[in-house]
Every structure is written in structure tokens, then in C-alpha cells.
Amino acid sequence: MTAGGATEQAGSGADGAAGLQAIDHIVVLMLENRSFDHMLGYLYHGAGNVTPTGQSFEGLTGGESNPGTDGRPVPVFPITASTANAYFMPGADPGEGYMATNSQLFGATTAPSAPTAPAMRGFVSDYAYSLGWESREGWSIVPGTRPQDIMGCFTPETLPVLSALARGYAVCDHWFCSAPTETLPNRAFALAGTSQGHMDDKTRTFTCPSIFGSLSAAGISWSVYGYDAQPLTRHNFPDISNAPASHFGRFADLRAAAADGSLAAFTFVEPSWSSTGNSQHPNYDVALGEQLIHDVYEALRAGPQWNSTLLIITYDEHGGCYDHVPPPWGATAPDNTTGEFGFDFTRFGPRVPTVLISPLIAPGTVFRVGDGATPLDHTSILKTVETRWNLAPLTARDAAAGHVGAVVTLTTPRTDDVLAGVVVPVSGGITPAADRISHLQEVLVDLMAREVPAGEHVPAPHTNEEAQSFIRERSEAETEHR
């Protein structure tokens, strides 16, 4: 595994598992719908995609392009602070389901039946299609948005927090989402190793075991935090939905746990799902997500358990945003379920940004598996937790996954602050979707409404404000009930 730049080695072991013994707390912050190139492709562009430690980095060269709607090449371009509506780029919600992803990768809504490397040349045409129907349906689109805007990728200066952490610790430039589709199936893979064949967000709960049940059975602590309400994840799996209220909280509770040294062994953190929140879902305010990343990192770093903590920042799916690296085939199907759309789960989804953070990780690290090994994907989170606490795999997919133990190479925790002098950006604007209920807000409202006692009236929220109010009220009711 590539984890250069370190001069002190932690333990031994060919697979790097020994390094995990220095980690007592794994924290995962999973954000929304951004591709690797879109967020981190320019990370080492100025140095020819070579890190200060001499490692190669598969970022953008600047020569990448996609055919435009007129057939002429549309080149990739940097999103800088001076780019119009920079923090609301790409300006609308790109296509993110299975067929849209096929269109972006293969140029058709159907994928080849045999392993074929996708050309990655359908992003502009698919975005043009999305803009067309979204405009007709009255969806939120930043004025002036064009199909070619999907080729915009943030510079490190525009995303100073995420970029400083990626440079200051380890960036995974070959981490793929688990399935080439949207949010809920990929979040299910991250926590359960399967989506039970589901390939869209129509299915909102799963009947399979999750990592939370495995941890509970082994007597190992875990927590799930929403940002400003009880977490969506609490409703997704049977072995978490009825867990004691002590397992759940909001960001203020995470901050308190970090401060008083009571972090669980495994912690899963959600952003705010509101269209005015910090999830970074297109076309919401990316700068608010920068603030969330900053706040999670600083809360952990200031706490007494920091020296034994590993923070994983990742994104559930690419969300239709441009990336130039073809997702590989050869994934292990998690179970015998035949997937929706005929998908067999032997192909990974597109690359997503993933950063590994710990004072036991050397700066300037690029972390990926070697040639021929199973690529890193969201089930690598499961494999890392399972390896650290000797838990059995949940499915064939996480059994075959690689973990990230080899990134832990230092024996003496670092004390430097990689965010020293970094100023969190502020967009200065408001998303045009501010009054609308977001997709995952709608999902959470639906799941919460299912738990309302029979006979109790449930008003249907129609605005962002009404949805937030309902979620707050139900969160308080759930907390009191539990």
C-alpha cells in the first residue's frame, strides 16, 4: 500500500493491521454527492501531481475534457473564489441515479454486460439533459448555469479546509463509492456492506444487519450523530432503530463527547440535511460544509482522545460531478440478491473524495492499495472497524474489502496544527433552493412520520422551514420516548 512520507513505522504486519492497534476511536463524517476531481482534483496540480514526499497523485492535469452539446471539447476548469457562484457550483443537481451514472461514464443509460473501461465522456451531455428537465419541472437552478459548468473543479484555495487536511494527513485518490448510483444504497454499503439489491433512494430502510449490531454484540461502544436533529441513520437498520437513546445525538453532543474524553469506539456523523444546511449536496452551499469539516476536526483535535483517533472524511457518491478516472470492475457481490436494473454489484461506482486524519499519519500521504488488490470503497470503513475490533464481516463485499490500517505509520503522535492560519470560506450567498425541502429531508420526514403513534395527525410539510420544524419536534419526541 502506498503510504509514503513516514519515517517511523508502527509495528509490523504485511497488511498494516498492526497500525490499527494504536487507534481506539474511528470517526466517520460522510458528506453528500461530490466527486474526487470536483473537490480535490487540483490538490497537487501546481506540483505536477507529485507530493512533497515524492508520491504520485492521480489528480487533474488540466487537459481533461468532455464533448459539449455541440460536439466540441469542453475542458476541465478551476473553480476559484472569483468564479461566479463558486460555492454553489455546478449550479444545479446533476443526475445521480444508476442510469444517469451510466450516461456519464459510458455515454448511454445502459452499461456493457462485460467488463469495459468507461470513457468518462458523458458528463456534459448528461448534465444538459438534467438541466432541461429540471428547468421544466421548476427545480432549483442558479441563474446562468450551463451544461459545461459540470467540468468545474475546486482549487485548493477555494476549499482551504478540506485541502489542508488532505495535504496535512492522507488523501485516498483511488477510493470509490460502492455502487454506481445515488445516496441511500451507498450509505447502506458503508454501514451494512450491502444495499440488498436496491439501486435507488426509493427504498429507505433495510432489513439486514449493520455494523452497529456487530459492535453491540461484541460489547463495543458506538454513536451516531445528526447535526441539528436526530440522525437519519437511526431509521435505516433494524439493529439500530430500537437502540437506546444514549447512542444518538447532535453535533453539540459530539463536541461534548470529544471534549470530555467519552468518544465511542465507532462514531458516525451526519451533516444537516436541509437545503440551507452543510451537507454539500449540489447546489447547496459548499462553504458551509467546509465549516462543518473544520468544526469536526477541531473538536476531535482538542479532546484528550485525539492521539488514538482516526477521522475518515468521505462522500457517499459522486452526485453526477465530473471525474476522469474510470471506476474499476471486479467488485465482490455482497450477497446472492439480483440487483435492480439487472445490476450485479461487480462494478464500483465513481471516485469520491476521502481523507484519512490522525496524528499517527504522516503529512503528504497518498494512500491507495497496490495493483491487483481490491480497490478501496465504502466497505473499507467496515473492514477497518472489523479488523480493529476482530469482528466478523457482514457480507462477502466487506470480507473482500481492504482496510486502511497501513496508513497509520507513526509511533509518536504529531502535535502540529495543519489548519493553523486557514480561514474557513464564506459563500456570501444563499442557495436558490433555500425554501425547498431537500431530498434527504423528505426521506427523514417520511421515516419519522412512520413512527408517529396511530391516530396522531401528521401535517405534510411543504417548505424547508416546515420540514425542519417537523424534524425538530419529532427528534425531541423520540428522545423523550426513548
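Values as computed for the structure displayed
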quantity: Selection count where residues are in contact (Cβ under 8 Å) with a residue 24 or more places away in the chain, aliphatic (A, V, I, L, M) and out of contact with any strand residue (DSSP E or B) (no Cβ under 6 Å at 6 or more places or on another chain), scope segment 249-259; calculated: 3
quantity: Some residue of segment 146-156 being in a loop (DSSP other than H, G, I, E, B) and out of contact with any helix residue (DSSP H, G or I) (no Cβ under 7 Å at 6 or more places or on another chain); calculated: yes
quantity: Residues (assigned to a loop (DSSP other than H, G, I, E, B) and touching a residue at least 60 places away in the same chain (Cβ under 8 Å)) located in segment 45-58; calculated: 51, 52, 53, 55, 57, 58
quantity: Complete set of residues in segment 319-342 that are over 26 Å from residue 418 (Cβ atoms) and either buried (at least 20 other Cβ atoms within 10 Å of the Cβ) or small (Gly, Ala, Ser) (or both); calculated: 319, 320, 322, 324, 327, 330, 331, 333, 334, 339, 342
quantity: Boolean, residue 74 is in contact with a strand residue (DSSP E or B) (Cβ under 8 Å, 6 or more places away or on another chain) and assigned to a helix (DSSP H, G or I); calculated: no
quantity: Any hit, segment 128-141, residues being more than 30 Å from residue 62 (Cα to Cα), out of contact with any Cys (no Cβ under 9 Å at 6 or more places or on another chain), assigned to a loop (DSSP other than H, G, I, E, B) and not basic (Lys, Arg); calculated: yes
quantity: Residue that is surrounded by the fewest Cβ atoms within 10 Å (Cβ to Cβ) [pool: residues in segment 196-212 that are free of Cβ contacts under 8 Å to residues at least 60 places away in the same chain and hydroxyl-bearing (Ser, Thr, Tyr)]; calculated: 207
quantity: Options 272, 262, 246, 221; residue that is touching a residue at least 40 places away in the same chain (Cβ under 8 Å), out of contact with any Pro (no Cβ under 9 Å at 6 or more places or on another chain) and surrounded by fewer than 18 Cβ atoms within 10 Å (Cβ to Cβ); calculated: 221
quantity: Any hit, segment 287-306, residues being under 30 Å from residue 149 (Cβ atoms), of a type in the set (S, T, N, Q) and assigned to a helix (DSSP H, G or I); calculated: yes
quantity: Candidates 179, 229, 243 - the one that is part of a loop (DSSP other than H, G, I, E, B), of a type outside the set (S, T, N, Q) and under 30 Å from residue 58 (Cα atoms); calculated: 179
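None of the figures in this text is laboratory data; all of them are computed from the coordinates on show. Not measured: the values here are computed from a predicted model. All Cβ positions, even for glycine, are placed from backbone atoms using ideal geometry, and neighbour counts span all protein chains on display.
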